[in-house]
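The values are calculated or read from the model by the stated rules, or taken from the named source; none is laboratory data. Everything numeric here is computed off the predicted structure, so don't read it as measured data. Cβ: placed from backbone, ideal geometry, glycine included. Neighbour counts: every protein chain shown.
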Amino acid sequence: MTPLAQGMLSAPPIDYAAIAPLLIVLAAASVAVLVEAFLPRHQRWPAQVVLSILALGGAGLALGLYAGSGADGITTIGDALAVDRPTLFLWGTLLALGLAGVLLIADRSVEPGGAFLASAATRAAAGGGTGGLPELPEDRSYGAPGLAPTMQTEVFPFTLFALGGMMAFVAANDLLTMFVALEVLSLPLYLMCGLARRRRLLSQEAAVKYFLLGAFASAFFLYGLALIYGYAGSVRFSEIAEASVGSAASDALLFGGLALLVVGLMFKGSVGPFHTWTPDVYQGAPTPVTAFMAACTKVAAFGAILRVLQVAFGDTRWEWRGVLWAVAIASMAIGAVLGLTQTDIKRMIAYSSVAHAGFLLLGAMAITDAGVSSTLFYLLAYGFTTIAVFAVISLVRNADGEATHLSQWAGLAKRSPIVAGVMTFLLLALAGIPLTSGFTAKFAVFAAALGDGMVPLVVIALVASAVAAFFYIRVIVLMYFSEPAADGPTVTVPGAFTTAAITLGVIVTLLLGIAPTLALNWAAGGGLVG
């Protein structure tokens, strides 16, 4: 008689205090769907903004209380989730970046009425409306005649579901849970990329490309999962690690499965050469979505990469490290070299993210506590800098919307010295100049890689950093040493939400550059459990 027939099957124990931040975010996402279904349209925007901010604040409070209790790393829900110090650090990073992303998404001052349409399927009409806006039914996008367009709010539950998926992704303790979390975080992002109010065709192209390439990457991940299950007889990381050092099965299944897993994970992390979606999607998506995606998805992807490589495959690192060396070199070279050729600033930052993904791989490959902590710190520093960069980009506008061509940034310092100064500081941080978070993060990652014997890779990374610094400095030179065109773009005065997001990004970038000890100590507070 089976255990189920005997009534012996029991529910796994759940530590609700440990997973409270994740539960709060997913519960708020579900409530946000009900808000869309039942509240009158004119009440949805304030309700969704308040709900999202309260949810992120409540999840942060729950996270702080649990982290302050001194609890050791645990696994819960039948060992499906691992809540350890790196998980708590990543959750805190995601919640803080998610708050900045929600503020940008909620802003209605930079783009009158908000940056979003109600439906990603809405087409751009031929000879669209004023300023390139498509002609749409008034009751869906514009409100009453003569009034400013109203913001559609479906994007808020998408954001919360994506954020909840990211939190589950970095805490997943088995491959099946990780795959489910991957889909939960990806599907809302596909839709959000197609919701831009302006430049509809570019936005829809970005959404389609992201969806199709994301589907292929998910298929690679799932096939790799199947091969590893065939090898280890389990999808749990600890059991995969045990099988990798003591199984009589063919290693072809193990390393073939790992290769396919890596393809799926590297795609999410914008690691070259699996980056082909990144420039088009960064350029075509609404800039608030690009900011949220560039910061939070990078954190989620590399949090998962750390857990897979260190917990499940740490004992076989000598077999796979050579391949990842080549991937890291390719990513740094692609990002640094192709970034030099870009004329659109959003595409330039996209290639910058590809180069930074290569730097992050150095920390992820160092199977040491220093490798984990340096990678976590790098993700925190990069996330805040990037979200502030895209917030500043959204302020420089012309009649057709955002002015993203580099030539349109010429002489920006003469039009708005404050915006140019903030952008300069953030670009120097991305370049890794001292007294910014970028320098501290790169130093920590390179030191961890040196400590694990990756001297040639660190030398290549230093060269790539020097090359990449050129395209950041090119924008600074354009802003300060070129004359602005007579019909050049204007700088929109940001509202309170965008101002708060930029201020948060700048302050964190500065603090992590001049006083990084607290964050570094928190990142080094404990190892991964499985």
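Among the numbered conditions (1) within 19 Å of F359 (Cβ to Cβ); (2) crowded, with 19+ Cβ neighbours inside 10 Å; (3) over 22 Å from the mean Cα position of the chain (by Cα), the only one that V508 does not meet is (3). Against the conditions (1) part of a helix (DSSP H, G or I); (2) touching a residue at least 60 places away in the same chain (Cβ under 8 Å); (3) of a type outside the set (A, V, I, L, M, F, W, C); (4) farther than 30 Å from I367 by Cβ, where does T499 fall short? Just the number, please. Failing condition for T499: (2). Take A441 and decide whether it is under 21 Å from A519 (Cα atoms), out of contact with any Asp or Glu (no Cβ under 9 Å at 6 or more places or on another chain) and either modelled with pLDDT of 95 or more or small (G, A, S) (or both). Against the criterion (under 21 Å from A519 (Cα atoms), out of contact with any Asp or Glu (no Cβ under 9 Å at 6 or more places or on another chain) and either modelled with pLDDT of 95 or more or small (G, A, S) (or both)), A441 qualifies.
Listed here are the residues, each with its yes/no results for (1) crowded, with 23+ Cβ neighbours inside 10 Å; (2) under 30 Å from G527 (Cα atoms).
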site	(1), (2)
S374	yes, yes
T386	yes, yes
K414	no, no
F439	no, yes
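Looking across region 338-360, the residues that are crowded, with 21+ Cβ neighbours inside 10 Å and hydrophobic (A, V, I, L, M, F, W, C) come down to I345, M348, I349, A350, V354, A355, A357, F359, L360.
For I329, indicate whether it is surrounded by 21 or more Cβ atoms within 10 Å (Cβ to Cβ) and in contact (Cβ under 8 Å) with a residue 40 or more places away in the chain. For I329, the condition - surrounded by 21 or more Cβ atoms within 10 Å (Cβ to Cβ) and in contact (Cβ under 8 Å) with a residue 40 or more places away in the chain - is not met.
If the condition is being free of Cβ contacts under 8 Å to residues at least 12 places away in the same chain and either buried (at least 24 other Cβ atoms within 10 Å of the Cβ) or polar (S, T, N, Q) (or both), then region 247-263 contributes no residue at all. Taken over region 326-349, the criterion of being touching a helix residue (DSSP H, G or I) at 6+ places or on another chain (Cβ under 8 Å), within 15 Å of L360 (Cα to Cα) and of a type in the set (A, V, I, L, M, F, W, C) is satisfied by V327, A328, I329, A330, M332, A333, I334, A336.
Yes or no, residue by residue, for (1) in contact with a Lys or Arg (Cβ under 9 Å, 6 or more places away or on another chain); (2) surrounded by fewer than 19 Cβ atoms within 10 Å (Cβ to Cβ):
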| site | (1), (2) |
| --- | --- |
| A219 | no, yes |
| G224 | no, no |
| F237 | yes, no |
| I240 | no, no |
| V245 | no, yes |
| L265 | no, no |
| V271 | no, no |
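From the list A125, A162, A118, pick out the single residue that is within 28 Å of the chain's Cα centre (by Cα), small (G, A, S), part of a loop (DSSP other than H, G, I, E, B) and at pLDDT 50 or above. Of A125, A162, A118, the one residue that is within 28 Å of the chain's Cα centre (by Cα), small (G, A, S), part of a loop (DSSP other than H, G, I, E, B) and at pLDDT 50 or above is A118. The set of residues in region 379-403 being more than 18 Å from the chain's Cα centre (by Cα) and aliphatic (A, V, I, L, M) consists of L395, V396, A399, A403.
So if I check each of I367, I473, which one is farther than 21 Å from I507 by Cα, outside any helix (DSSP H, G or I), among the hydrophobic types (A, V, I, L, M, F, W, C) and touching a residue at least 24 places away in the same chain (Cβ under 8 Å)? Walk me through how you get there before you give the answer.
Details: I473 fails: outside any helix (DSSP H, G or I).
Result: I367 is the single residue among I367, I473 that is farther than 21 Å from I507 by Cα, outside any helix (DSSP H, G or I), among the hydrophobic types (A, V, I, L, M, F, W, C) and touching a residue at least 24 places away in the same chain (Cβ under 8 Å).
Okay, residues lined up against (1) within 21 Å of V289 (Cα to Cα); (2) part of a helix (DSSP H, G or I); (3) of a type in the set (A, V, I, L, M):
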position	(1), (2), (3)
G322	no, yes, no
A328	no, yes, yes
M332	no, yes, yes
L338	no, yes, yes
R347	yes, yes, no
A355	yes, yes, yes
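Screening P434 with (1) farther than 24 Å from C296 by Cβ; (2) of a type outside the set (K, R); (3) touching a residue at least 60 places away in the same chain (Cβ under 8 Å); (4) assigned to a helix (DSSP H, G or I) gives one miss only, at (4).
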